[in-house]
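Working notes for the structure below.
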Amino acid sequence: MAEAFAPGSSYGSIAPTFPNNDVFADPMQLEPPPADVTVFKQNIRLISEHVLHLQNVARSALDGIQNAYHPGSNPVQTESDIATLKQNLEMLSELMRQTGVGALPLLSIENPPPTEEQIMSDVTKSVEVLYARLQRNQESAGVVAKLLSDATGAARKGPGK
């Protein structure tokens with residue numbers, strides 16, 4: 001069996017290939033091939049175009065809903081806009097899934113992502129709130145247990161004893 005994987009055998013010549021032939025390289029430090037970056041940028045542009053189209057359809061549907069009771073509004077057109085909006089959302093979701101762009105977080109220019117300090121502060125506050133809630137629950141359970149033990153102790157002694 002060992003001879004089957006010896007360097008001279010047909011299986012012994014198979015070797016794993018690693019980018020830049022660096023087995024221990026940090027995967028976050030490896031540069032993707034330029035073609036992948038170009039394709040990814042094209043996918044982002046394509047998604048952006050779909051999002052812009054989706055916004056226009058959404059605005060049209062929203063206008064139709066807001067003006068539903070005004071004279072001259074067309075409920076059939078509004079219904080069509082809503083159906084188109086649903087269809088376009090599904091298509092955009094599938095396109096984002098297929099291109100890998102959907103794995104990226106959606107960041108807004110107006111709202112920058114939180115800093116590490118803000119995240120730590122939020123996590124710390126959340127943990128403190130949960131800890132305080134747990135303490136209150138434990139204290140309440142202790143009070144209930146004491147009341148139950150007092151009640152069962154009094155019942156064992158019997159009335160008036």
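The values are calculated or read from the model by the stated rules, or taken from the named source; none is laboratory data. Bear in mind that the values here come from a model prediction, so they are computed numbers and not experimental data. FYI the Cβ positions are ideal-geometry reconstructions off the backbone, even for glycines, and counts take in every protein chain you see. Each accessible area value is taken on the protein alone, full model and side chains, heavy atoms only, with ligands, DNA and RNA left out. Shrake-Rupley method; radii C 1.70, N 1.55, O 1.52, S 1.80 Å.
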* Structure fact -> Per the Cα gyration tensor, the range 77-140 corresponds to an equivalent ellipsoid with semi-axes, largest first in Å, of 41, 20, 13
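Take TYR69, TYR131 and sort them by solvent-accessible surface of the protein heavy atoms, 1.4 Å probe, largest at the top.
Working: TYR69 220, TYR131 130 Å².
Ranked list, largest accessible area first: TYR69, TYR131.
Give me the accessible area per residue for the range 112-161, probe 1.4 Å, as a whole number in Å². The partial results should precede the final answer.
Details: 4560 Å² over 50 residues.
Per-residue accessible area for the range 112-161 comes out at 91 Å².
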* THR38-ASN56 pseudo-label distance in nm [points 7 Å out on the Cα-to-Cβ vector] -> 2.9
* the range 54-161 - convex hull of alpha carbons, volume per residue in Å³ -> 294
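Taking N as the number of residues in the range 120-161, what is its Cα Rg relative to 2.2 N^0.38 Å?
Numbers: Rg = 18.1 Å, N = 42, 2.2 N^0.38 = 9.1 Å.
With N residues counted in the range 120-161, Rg over 2.2 N^0.38 Å equals 1.99.
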* For MET96, solvent-accessible area (1.4 Å; no DNA, RNA or ligand), Å² -> 40
* Asked: Roughly how many Å² of GLU79 are accessible to a 1.4 Å probe, to the nearest 10?
  -> 130
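If you take every residue apart from MET91 with its C-beta less than 13 Å away from the C-beta of MET91, what net charge results, scoring Lys and Arg +1 and Asp and Glu -1?
Numbers: positive: LYS86, ARG97; negative: GLU49, GLU90, GLU94.
Summing Lys and Arg as +1 and Asp and Glu as -1 gives -1.
Leaving out ligands, DNA and RNA, and with a 1.4 Å probe, what % of the accessible surface on the range 56-100 is carbon or sulfur? List each step's numbers first, then the result.
Working: 1870 of 3360 Å².
Carbon and sulfur: 56 percent of the exposed surface of the range 56-100.
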